[in-house]
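Asker: First the structure, which I've put down as structure tokens, then a few questions once you've had a look.
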Amino acid sequence: MLLQQIVGTSLPIIQAPMAGWQGSELAVAVSNAGGLGSLPCAMLTVEAMRGELAAIRAGTRLPYNVNFFCHSPPAPDADRETRWRASLLPYYEEFGIDTAAIAPGAARSPFSPEAADVLDEFKPAVVSFHFGLPSAALMARARATGARIFSSATTVDEALWLEAHGADAIIAQGSGAGGHRGIFLSNDVTTQMGTFALLPQIVRAVAVPVIAAGGIADAQGVAAALALGAAGVQIGTAYLLCPEAKTSAVHRAALRSDSARHTAITNVFTGRPARGIVNRIIRERGPLSALAPEFPLAASAIAPLRAKAEARGSGDFSPLWCGQNASGCREVPAAELTRDLAGSL
Ligand SMILES: Cc1cc2nc3c(=O)[nH]c(=O)nc-3n(C[C@H](O)[C@H](O)[C@H](O)COP(=O)(O)O)c2cc1C
């Protein structure tokens, strides 16, 4: 079954939710172009989420997806935080940052009963999750809105787990994908495989539809994923230069440069593995650091460095999320990009 039959879009393309990088504007543009626009909610308050969903409702009558993280927030670990900050001390000194004044960074919250209340008001066609699925009670709340439930799997085991726990479709997220790995059954990044290795194995293992994600950047890539049994594709990186995305100036510059061909899976920005363009902090403290506090706590220590560096026009301390195929990034309206990605489909 194709994505179009599952959710009623005219194209088999999901614009990947990208928390912190986009809001309703990108989602509306993609949904109106026939794809499935997505609203990421991991970094929104419930009030902001309500406002963004109202903007989507005003902008389109077509299906859209609302996306959440569903991690278990860790207890703060003062010792680990102290060791992590100590390792960053040379940078704080370089930028004249008072470590005593470091505020908690941008928070990333998991799906909650309050968020489920907002879903009840808007009844999106799809609700998607990253990092597994929420508790059975919260799953039931999401399902009661009438939404189809999607979630990312980065291994065959995760796909089987998601199917057994009620996912209606599985997003096979290959290791070339930009942003956070959806990995949730282990922390072992050696289990992570490329999209075109992962996709056919998941397609064979589960009965529910499978969406391919990671490194898909043009119409040929979309067609190849469909040929390998995908019901549709989820594409993030290619949308990052669209005017509707909120990608920062330093990130846009990096995406346009040769550095976009140098990416790594790193945990230094948030505590969870995520793929981004290699910059100074990844080179000097990563890519994977045993000192980084647990997700999402690692973010606070980096936040002031990121702010100071970006004020100087530098992305040395910014999470420059990017998949392994930035060749599809174009400064064109998202509707045009969506139609081009669909090609002759
Ligand atoms: C900037 C950025 C932010 C992302 N944020 C999220 C998110 O909030 N929720 C989510 O489920 N996936 C997120 N992802 C991962 C995407 O869902 C998807 O797996 C990935 O973009 C696909 O690979 P591609 O970037 O090579 O197209 C993000 C990806 C990027 C590039």
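The values are calculated or read from the model by the stated rules, or taken from the named source; none is laboratory data. If you're wondering where the values come from, they're calculated on a predicted model, not measured in any experiment. Cβ sites come from the backbone with ideal geometry, for glycine too, and all protein chains shown count toward neighbours. The area values use the complete protein model at the heavy-atom level, side chains included, leaving out ligands, DNA and RNA. Shrake-Rupley method; radii C 1.70, N 1.55, O 1.52, S 1.80 Å.
Asker: Could you run through the range 1-15 and say how many residues are within 16 Å of the ligand (Cβ to nearest atom) and either open to solvent by less than 10 Å² (accessible area, probe 1.4 Å) or hydroxyl-bearing (Ser, Thr, Tyr) (or both)?
Answerer: 5
Asker: Which residue is least open to solvent (accessible area, probe 1.4 Å), if the candidates are limited to the range 100-154 and must be of a type in the set (D, E, K, R) and closer than 20 Å to residue 61 by Cβ?
Answerer: First pass over the range 100-154, keeping only residues of a type in the set (D, E, K, R): 108, 114, 117, 120-121, 123, 141, 143, 148.
Applying the additional criterion that residues be closer than 20 Å to residue 61 by Cβ yields 120-121, 123, 148.
Numbers: 120: 59, 121: 87, 123: 115, 148: 100 Å².
Selected residue: 120.
Asker: Now a separate question. Got a sec? Which of 241, 199 is without any contact (Cβ under 8 Å) to a residue 60 or more places away in the chain, within 13 Å of the ligand (Cβ to nearest atom) and more than 26 Å from residue 91 (Cβ to Cβ)? Outline the logic, then answer.
Answerer: On the way: 241 fails: without any contact (Cβ under 8 Å) to a residue 60 or more places away in the chain.
The unique qualifying residue is 199.
Asker: Take the conditions crowded, with 20+ Cβ neighbours inside 10 Å and aliphatic (A, V, I, L, M) and apply them to residue 225. Does it pass? Working first, answer last.
Answerer: Values: crowded, with 20+ Cβ neighbours inside 10 Å: yes; aliphatic (A, V, I, L, M): yes.
Yes.
Asker: Show the residue pairs meeting these rules: Cβ distance below 8 Å; 6+ apart or different chains; first residue within the range 174-194 and on the phi > 0 side of the Ramachandran plot; second residue of a type in the set (Phe, Trp, Tyr).
Answerer: If the second residue must be of a type in the set (Phe, Trp, Tyr), the pairs left are 179/321.
Asker: Also, quick follow-up: With the condition kept exactly as written, say whether any residue in the range 54-65 is modelled with pLDDT of 95 or more, within 13 Å of the ligand (Cβ to nearest atom) and touching a Ser or Thr at 6+ places or on another chain (Cβ under 8 Å). Break it down stepwise before answering.
Answerer: The initial filter retains those residues of the range 54-65 that are modelled with pLDDT of 95 or more, namely 54-65.
Filter once more, keeping what is within 13 Å of the ligand (Cβ to nearest atom): 65.
Checking which are touching a Ser or Thr at 6+ places or on another chain (Cβ under 8 Å) leaves us with 65.
Within the range 54-65 (the criterion being modelled with pLDDT of 95 or more, within 13 Å of the ligand (Cβ to nearest atom) and touching a Ser or Thr at 6+ places or on another chain (Cβ under 8 Å)), the answer is yes, since at least one residue qualifies.
Asker: In addition: Could you tell me which residue of the range 29-52 is most open to solvent (accessible area, probe 1.4 Å), considering only residues that are out of contact with any strand residue (DSSP E or B) (no Cβ under 7 Å at 6 or more places or on another chain) and of a type outside the set (A, V, I, L, M)?
Answerer: Here the residue is 47.
Asker: Can you name every residue in the range 25-36 that is in a helix (DSSP H, G or I), away from the ligand (no atom under 14 Å from the Cβ) and not charged (D, E, K, R)?
Answerer: Within the range 25-36, the subset in a helix (DSSP H, G or I) is 25-32.
Next, from what is left, pick out any that are away from the ligand (no atom under 14 Å from the Cβ): 25, 28-29, 31-32.
Within the range 25-36, 28, 29, 31, 32 qualify.
Asker: Over 19 Å from the mean Cα position of the chain (by Cα) and open to solvent by 10 Å² or more (accessible area, probe 1.4 Å): is that true of residue 160 in this structure?
Answerer: Numbers: over 19 Å from the mean Cα position of the chain (by Cα): yes; open to solvent by 10 Å² or more (accessible area, probe 1.4 Å): yes.
In short, yes.
Asker: A further question follows. Applying the selection to the range 316-345, what residues are open to solvent by 20 Å² or more (accessible area, probe 1.4 Å) and farther than 30 Å from residue 224 by Cβ?
Answerer: Correct list: 316 only.
Asker: Could you list all residues from the range 135-191 that are away from the ligand (no atom under 16 Å from the Cβ) and among the charged types (D, E, K, R)?
Answerer: 141, 143, 157, 163, 188
Asker: Conditions first: (1) outside any loop (DSSP other than H, G, I, E, B); (2) of a type outside the set (Val, Ile, Thr); (3) surrounded by fewer than 24 Cβ atoms within 10 Å (Cβ to Cβ). Residue 217 passes all but one, so which condition is the exception?
Answerer: (1)
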